[in-house]
Each structure stands twice: as structure tokens, then as C-alpha cells.
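The values are calculated or read from the model by the stated rules, or taken from the named source; none is laboratory data. Keep in mind that this is a model prediction, so the values were computed, not measured. Heads up, the Cβs are rebuilt from the backbone with ideal geometry, glycines too, and the neighbour counts pull from every protein chain shown.
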Amino acid sequence: MINLSVEKMMGCPVVISPMSIKRDWMDETPQGHAYRCFPVGQANMVGWSLSCTEDIRFIWNGVNDTSSETIKILDEKQYLYTGRGQSTISFSTGLVFRSEEDISLLTINPVNSFNPDFETMSSLISTSFYDNPIPLAIKARVPNKEVLIEAGTVIATVIPISLTMLNNTAINLVDYSDIDQKRQKSNREYGEAAQVINQTGKWTDWYRDAVNEKGESVGRHEAKTLKLSVIDNTSFQNNYILEKKEI
């Protein structure tokens, strides 16, 4: 478990919650078919979401430079500014993250969330010493079109990661062994059995359950059920706990 805390400033416009498995485009698939894909569903739920309590509106004139005049925030708000230029607006979240020295905070556009009008830029912050609110940079994607980010829309995902563990890691790239007859036979039988089931419009769920086509265990997931929460101990909110549901 990672030790992570957040100081929430008075008047903070941001809500932080565990990421949800839900995505609008997945809801629109027949019978929610996309939710049966375990790797996608699990990826959706990694980290915490940041959303705003108010609508955000802006428009970009199509020019990419360092000028703050190329993008205009409509309905000015004190936590939004255009000083970065480059077709982006900056968002001061009002959330100061605190972590141990070997943990950093990765901020990304929400996984498997696609918006044609804007995208949140990725960043990596050393939260063991950074004493300011985590910033967001939201980039316009279409010129001369008013962009509306409705209140409650998830605009970013934050994920604590260890660069210490990642540092100096090398991928050992080797030739695929195609002379192992047992391996070839096993992979072929798995693929053929999966194809029969998939052609009926069903899912095998073998990867989810870490079994082969015979129902035999082939390993285990690092964490099949991911539980994240937010415990609100601020003085200007009611205390609450938000917990992620089991996949």
C-alpha cells in the first residue's frame, strides 16, 4: 500500500474520487459488451479521478505559440489561466499531494476516455517536496470551436508510481521460441477454443480467471480486485468514504 495524502485548499473546485469502470462509449455497446473485457475494465479503474464542480468553457483560435491571447477562457474563474499558451488552459486544482520520497504522481488523460475537443496533458510531479497544488494543462484539439467541459466530467487521472523501482529497468528482448512443440500445441488449442466461443458473441473470461481453455489454473493476477478510496477529513466538508467496487 502507498502512503498518500492530499491537502485540500478552501474553495477548491475539484472533486477527487476513485476512478470508475464506467465509460459512455462502453455503455453504448450492445448489452454493455465492452465491460466484459477484463483488461480494459481493470485499466479504467486504476488511480483517482479529478473533476470540477463547475462548467468550464474555452475557445482556441488555432494558433500555437506562447501567447496567452490565442486561447480564451469563457466565464472567467480564478483557478483557470492561459499563461502557458500552446493551445492550452491551465487549471490550479487546489489539491496539494504529499507522498514519500520514492513515490511520484503521474497525471494523465483518463484512460479509455475519448473527447474530440480537448485532452488533458500528462505530467509527473515529485510530491515528496512539491508544495503547490497539482496543476493541469488542458489542450484544445479543434480550432475556433467553443469547448464545454461540463461539471462532474472526469478531466484527469492521478496515479502514484515509484520511479525508484522503475529506474534502471532494462527489457531483455529475445527470440521467440518456435521449436517448443508443447508450447505451440498449447497456444494453438487455446486460440481455436477461444475462436469458437468468440464467434457466438460470448467472452471466454479465461484471462480474467487466469485459466486455460480446460479451466486449469495458469497463474494469478497481481490484484484482480482493486480497492481505492478517499477519506474526507477536511473541516469544511462532511466526512465520507468513497470506495471502488469490485470488478
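General remarks:
- Criterion violated by ILE197 - all others in (1) part of a loop (DSSP other than H, G, I, E, B); (2) surrounded by 10 or more Cβ atoms within 10 Å (Cβ to Cβ) satisfied: (1)
- Where a residue in the stretch 72-85 is closer than 10 Å to ARG57 by Cα and assigned by TED's automatic domain parsing to the domain that holds GLU150 and its partner, wherever it lies, is among the hydrophobic types (A, V, I, L, M, F, W, C) and not in a loop (DSSP other than H, G, I, E, B), with Cβ under 7 Å and at least six apart: LYS72/PHE58; LYS72/ILE59; ILE73/PHE58; ILE73/LEU80; ILE73/ILE89; LEU74/PHE58; LEU74/ILE59
- Cβ-Cβ contacts under 9 Å between residues 6 or more apart (or on different chains), taken from a first residue in the stretch 142-157 that is outside any loop (DSSP other than H, G, I, E, B) to a second residue that is among the basic types (Lys, Arg), are listed as VAL147/ARG57; VAL147/ARG141; LEU148/ARG57; ILE149/ARG57.
- Summed over the stretch 97-120, residues that are in a strand (DSSP E or B) and either in contact with a Phe, Trp or Tyr (Cβ under 8 Å, 6 or more places away or on another chain) or outside the structural domain of ILE56 (by TED's automatic domain parsing) (or both) total 2.
- Filtered residues of the stretch 99-115 (kept if of a type in the set (Asp, Glu) and touching a helix residue (DSSP H, G or I) at 6+ places or on another chain (Cβ under 9 Å)): GLU101, ASP102
- Filter result for ALA140 (of a type in the set (A, V, I, L, M, F, W, C), within 25 Å of the chain's Cα centre (by Cα) and on the phi < 0 side of the Ramachandran plot): yes
- Where a residue in the stretch 223-234 is over 14 Å from LEU4 (Cα atoms) and its partner, wherever it lies, is in a loop (DSSP other than H, G, I, E, B) and aliphatic (A, V, I, L, M), with Cβ under 6 Å and at least six apart: LEU226/MET45
- As a summary of the residue check, LYS22 satisfies the conditions (1) surrounded by 13 or more Cβ atoms within 10 Å (Cβ to Cβ); (2) in contact (Cβ under 8 Å) with a residue 40 or more places away in the chain except for the one numbered (2).
Results for (1) in the same structural domain as LYS8 (by TED's automatic domain parsing); (2) within 30 Å of ILE134 (Cα to Cα); (3) at pLDDT 95 or above; (4) in contact with an Asp or Glu (Cβ under 8 Å, 6 or more places away or on another chain), shown as yes or no for each residue.
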{"residue": "THR157", "(1), (2), (3), (4)": "yes, yes, yes, no"}
{"residue": "PRO160", "(1), (2), (3), (4)": "yes, yes, yes, no"}
{"residue": "LEU163", "(1), (2), (3), (4)": "yes, yes, yes, yes"}
{"residue": "TYR176", "(1), (2), (3), (4)": "no, no, no, no"}
{"residue": "GLN184", "(1), (2), (3), (4)": "no, no, no, yes"}
{"residue": "GLU192", "(1), (2), (3), (4)": "no, no, no, no"}
{"residue": "GLN199", "(1), (2), (3), (4)": "no, no, no, no"}
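- Only one of the listed residues (THR88, THR66) is surrounded by 19 or more Cβ atoms within 10 Å (Cβ to Cβ), free of Cβ contacts under 8 Å to residues at least 60 places away in the same chain and either touching a Gly at 6+ places or on another chain (Cβ under 8 Å) or within 16 Å of PRO135 (Cβ to Cβ) (or both). That residue is THR88.
- Residue within the stretch 202-216 that is in contact (Cβ under 8 Å) with a residue 12 or more places away in the chain, more than 31 Å from the chain's Cα centre (by Cα) and outside any helix (DSSP H, G or I) present: yes
- Whichever residue in the stretch 47-74 is in contact with a Leu (Cβ under 8 Å, 6 or more places away or on another chain) and assigned to a loop (DSSP other than H, G, I, E, B) and, among such residues, is farthest from ILE138 (Cα to Cα): GLY47
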